[in-house]
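The structure appears right after this line, and notes come after that.
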Amino acid sequence: MQRFGLGRELLDRRPSEVSGGELQRFAILRALLLDPVFLFADEATSRLDPVSQKDVFAILIEAVRERSLGLLTVTHETALAETVAHRILKLG
């Protein structure tokens with residue numbers, strides 16, 4: 001949790017007391033704890049500020065490298081895709 005910038009007190013808070021960004025980071029953390037071989041991330045960091053978004057993608061990219069994890073990211077942010085992706089497919 002610390003790596004995602006989440007304090008343990010988050011677990012004691014009510015859902016209405018948790019921000020959208022905290023929920024997104026926690027959801028990614030939960031998914032990674034399952035030790036997946038493939039992760040589909042649809043707008044996974046859309047509620048995060050640019051600094052937090054960069055940090056979360058650094059963690060995801062590290063997991064890709066360490067675990068041989070497949071990662072498919074869906075985003076409307078072209079700059080983000082160009083920064084983190086090996087291949088980009090534009091639709092529409």
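The values are calculated or read from the model by the stated rules, or taken from the named source; none is laboratory data. Note that the structure is a prediction, hence the values are computed from the model and not measured. With ideal geometry, Cβ positions are generated from the backbone for all residues, glycine too; neighbour counts draw on all protein chains shown.
Tabulated results
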| read-out | value |
| --- | --- |
| The range 38-57, residues that are part of a loop (DSSP other than H, G, I, E, B) and crowded, with 16+ Cβ neighbours inside 10 Å | 44, 45, 48 |
| Residue in the range 4-24 that is touching a strand residue (DSSP E or B) at 6+ places or on another chain (Cβ under 8 Å) and surrounded by 13 or more Cβ atoms within 10 Å (Cβ to Cβ) present | no |
| Test for residue 35: is it at pLDDT 95 or above, loosely packed, with under 12 Cβ neighbours inside 10 Å and out of contact with any strand residue (DSSP E or B) (no Cβ under 9 Å at 6 or more places or on another chain) | no |
| Checklist (1) part of a helix (DSSP H, G or I); (2) modelled with pLDDT of 90 or more applied to residue 71, failing item | (1) |
